[in-house]
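Read the structure below first, then the notes.
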Amino acid sequence: QVQLVESGGGLVQPGGALRLSCEASGSIYSINSMGWYRQAPGMQRELIASINSGGSTYYVDSVKGRFTISRDSVESTVYLQMNSLKPEDTAVYYCHTNVNPTYYYAMDYWGRGTLVTVSS
């Protein structure tokens, strides 16, 4: 019922920048939060940045000062600006949202992921 479409991944050199985007669509009563997870090869998926309905943001320590999460004016699209990229940032990045499809309940949805490779 809710779809997340990600874009912006690719190959970038260390020190470079990339911006990911994720658009939510479908039957959405309210968006409680949107965020980005990543999963590096051989590693568990981890939350790296999120923003809730009040605009509060969270960043994992490893990306603080380098990554910025933001929303568009209608809060249906979330962006992740990634600066000063490091090889250890290489991962599949997944968009995530917690939404109320209706007034009565909340659900989690995931995008299919976009690959970010940081390499010289």
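Being touching a residue at least 24 places away in the same chain (Cβ under 8 Å) and closer than 23 Å to VAL2 by Cα is the filter here, so list the residues in segment 55-81 that pass it. The answer is ILE69, ARG71, GLU75, SER76, THR77, VAL78, TYR79, LEU80. When segment 41-52 is filtered for residues that are touching a Ser or Thr at 6+ places or on another chain (Cβ under 7 Å) and either loosely packed, with under 14 Cβ neighbours inside 10 Å or among the hydroxyl-bearing types (Ser, Thr, Tyr) (or both), only SER50 remains.
Of all residues in segment 63-99, those satisfying the criterion of being open to solvent by 40 Å² or more (accessible area, probe 1.4 Å) and not in a loop (DSSP other than H, G, I, E, B) are THR68, SER70, ARG71, TYR79, GLN81, PRO87, GLU88, VAL92.
Contact map, segment 82-95: first residue modelled with pLDDT under 95 and aromatic (Phe, Trp, Tyr), second residue assigned to a strand (DSSP E or B) and open to solvent by less than 40 Å² (accessible area, probe 1.4 Å), Cβ cut-off under 7 Å, separation 6 or more or different chains; the map is empty.
Has segment 110-118 got any residue that is assigned to a strand (DSSP E or B), touching a helix residue (DSSP H, G or I) at 6+ places or on another chain (Cβ under 9 Å), within 16 Å of ALA17 (Cα to Cα) and among the aliphatic types (A, V, I, L, M)? Yes, because at least one residue in segment 110-118 is assigned to a strand (DSSP E or B), touching a helix residue (DSSP H, G or I) at 6+ places or on another chain (Cβ under 9 Å), within 16 Å of ALA17 (Cα to Cα) and among the aliphatic types (A, V, I, L, M). Each residue in segment 1-26 was checked for being within 22 Å of TYR105 (Cα to Cα) and in a strand (DSSP E or B), and 7 of them qualify. Could you please find all residues in segment 106-120 being modelled with pLDDT of 95 or more and open to solvent by 90 Å² or more (accessible area, probe 1.4 Å)? TRP110, ARG112, LEU115, listed by residue number.
Only residues that are touching a Lys or Arg at 6+ places or on another chain (Cβ under 9 Å) and assigned to a loop (DSSP other than H, G, I, E, B) were counted in segment 38-59, giving 2. Being open to solvent by less than 50 Å² (accessible area, probe 1.4 Å), out of contact with any Asp or Glu (no Cβ under 7 Å at 6 or more places or on another chain) and touching a residue at least 24 places away in the same chain (Cβ under 8 Å) holds for only one residue in GLU23, GLU6, and it is GLU6.
The values are calculated or read from the model by the stated rules, or taken from the named source; none is laboratory data. Because the structure is predicted, anything quoted here is derived from the model rather than measured. Using ideal geometry, Cβ is built from the backbone for each residue, glycine included, and neighbour counts are taken over all protein chains shown. Accessible surface areas use protein heavy atoms only, side chains included; no ligands, DNA or RNA. Shrake-Rupley method; radii C 1.70, N 1.55, O 1.52, S 1.80 Å.
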